[in-house]
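One structure is given here, and the rest of the page talks about it.
Each value in this text was obtained by applying a stated rule to the coordinates, not by laboratory testing. Values in this document were obtained by computation on a predicted structure and should not be read as measured data. Cβ placement follows ideal geometry from the backbone for every residue including glycine, while neighbour counts extend to all protein chains displayed.
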Amino acid sequence: MTEQKRLFDQLLRLSTEQRNPASMDIDARSIDEILQIISSEDKRVALAVEAELPHIGKAVELVVRAFKNGGRLLYAGAGTSGRLGVLDAAECPPTFGTPHGMILGMIAGGEKAMFKAQEGAEDKEENGARDVDEQTVNEKDVVCGIAASLRTPYVVGAVKRAKRLGAKTLYVTTNPRSRLYSLEFTELASVIDVAICPEVGPEVIMGSTRMKSGTAQKLVLNMITTTAMVRLGKVYENMMIDLQMTNLKLKERAKRVVMTITGVEYDEAADYLAQAGGHVKTALVMIKAHVNREEAQRRLEQADGFVRAAIEGKEYRAL
């Protein structure tokens with residue numbers, strides 16, 4: 001059997017490559033009917049992700065542990081999957097104040113693939129392995145492969161290489177868990193610590209995994225990083241408190257956060273932020289605990305950066 005025929009047969013077995021009975025005549029439908037079909041199928045996504053929450057929770061535990069030990073989270077994907085990983089990584093620094101490099105996105109074909117498809121870049125496992133090597137992945141890190149089709153060689157190569165280097169590995173696919181743990185994918189399954197497999201079913205347009213699969217992947221990545229950031233003390237109540245005041249919008253958002261949480265007025269919030277050196281957490285503890293900057297910083301250090309515990313003058317204890 002030729003390699004091409006082997007791939008053809010493999011694709012036939014993947015749920016992401018099947019035809020969707022609900023959209024068989026979509027080409028003959030009106031605009032309103034097309035939108036209703038897409039919307040009805042999209043409703044399945046959240047439930048599919050919800051069914052994977054126990055596995056997402058295990059992934060978060062690995063990521064939090066890595067961050068606390070000086071490690072990183074690195075995504076590896078191709079096409080839509082790769083772009084979603086890069087997007088999630090890029091959004092964490094302005095949202096949660098994470099240092100650049102703590103969360104990284106690797107995409108088959110490199111940066112140019114973000115804006116223009118680099119056909120063929122995903123077809124070799126060695127490309128994924130090479131990118132992992134270039135990022136000097138080690139045992140402190142977590143590498144998360146993202147592949148709707150499950151089989152993407154670039155992603156498989158990245159995860160295999162990461163495992164050999166001692167990193168923890170995650171895998172996000174929208175094909176069934178039973179497929180991942182079948183004989184066909186034994187080698188891949190053996191190098192994955194946590195698999196997340198929301199079963200979204202066939203796409204409205206056959207094989208167009210930028211649709212339901214992409215939506216599911218976006219939800220999963222958001223959950224992993226957002227939950228990890230909450231567990232690292234970067235949220236107080238339900239507000240971002242580690243945002244960096246790097247532009248005018250974020251400076252005003254920081255004032256609003258301080259005002260909302262503490263009840264002070266605009267000018268007072270600005271004054272406290274100035275006293276705190278622009279550090280929102282410090283300003284919050286100063287106001288809520290009625291202490292100066294030095295004491296606020298001491299409390300934050302004692303509380304491992306958790307504002308609620310710092311205000312109460314306690315050490316943080318994980319739940």
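List of remarks:
- Around Pro202: net Lys/Arg minus Asp/Glu count, Cβ-Cβ under 11 Å: -1
- Note, ³J(HN,Hα) from phi for region 183-192, Karplus 6.51, -1.76, 1.60, rounded to Hz, x at Gly and Pro: 4, 4, 10, 4, 5, 5, 4, 5, 10, 9
- Computed on region 13-231, with alpha-carbon pairs under 8 angstrom and 6+ residues apart, the relative contact order is 29 percent.
- Charge dipole of the chain (Cα centre as origin; +1 on each Lys and Arg Cβ, -1 on each Asp and Glu Cβ, all else neutral): 540 debye, rounded to the nearest 20.
- Highest average packing first - 294-302, 139-147, Cβ atoms within 10 Å: 139-147, 294-302
- 11 Å beta-carbon shell around Asp42, net charge (K/R +1, D/E -1): +1
- Cα centroid separation, region 233-290 to region 10-68 (Å): 38 Å
- Gain upon complete extension [Arg308, Gln36; 0.36 nm per residue less C-alpha separation]: 93.4 nm
- Charge dipole magnitude, Cβ of K and R +1, D and E -1 - region 236-312, Cα centre, debye nearest 20: 200 debye
- Rounded to the nearest 20 debye, the dipole size of region 21-176 about its Cα centre is 760 debye, using +1 on the Cβ of Lys and Arg and -1 on the Cβ of Asp and Glu.
- Order of His55, His100 - criterion: other Cβ atoms within 10 Å of each residue's Cβ, fewest first: His100, His55
- Amide H contacts under 5 Å for Lys124, placed H, 5+ residues apart: Tyr154
- Of all aspartates and glutamates in the structure, those lying under 19 Å Cα to Cα from Lys140, and not within fewer than 8 positions of it along the same chain, are Glu61, Asp131, Asp193.
- Residues whose placed amide H lies under 5 Å from that of Gly105, excluding near-sequence neighbours: Tyr75
- Under 14 Å from the Leu87 label point (7 Å along Cα→beta-carbon), backbone N, region 205-226: 209-223
- Flagged links, alpha-carbon separation over 31 Å, of Lys43/Lys251; Lys163/Lys218; Lys163/Lys251; Lys160/Lys314; Lys68/Lys212; Lys43/Lys68: Lys43/Lys251; Lys163/Lys251; Lys160/Lys314; Lys68/Lys212; Lys43/Lys68
- Cα pair count fraction exceeding 19 Å, expressed as % - region 168-282: 63 percent
- Value of relative contact order over region 191-319, rounded to a whole percent, pairs C-alpha under 8 Å and six or more apart: 15 percent
- The order of Val172, Val258, going from fewest to most other C-beta atoms within 10 Å of their C-beta, is Val258, Val172.
- Straight-distance candidates among the aspartates and glutamates for linking to Lys116, with alpha-carbon spacing under 17 Å and chain neighbours fewer than 8 residues away dropped, are absent.
- Which labelled figure in [x] 20.6; [y] 19.2; [z] 16.0 is mean projected area of the Cα convex hull in nm², once derived from the coordinates: [y]
- Sequence of Phe115, Phe96 once ranked by neighbouring C-beta atoms within 10 Å, starting from the fewest: Phe115, Phe96
- Per-residue [θ]222 nm for the chain (sum of -39500 (n - 2.57) over DSSP H runs n ≥ 4, rounded to 500): -16000 deg cm²/dmol
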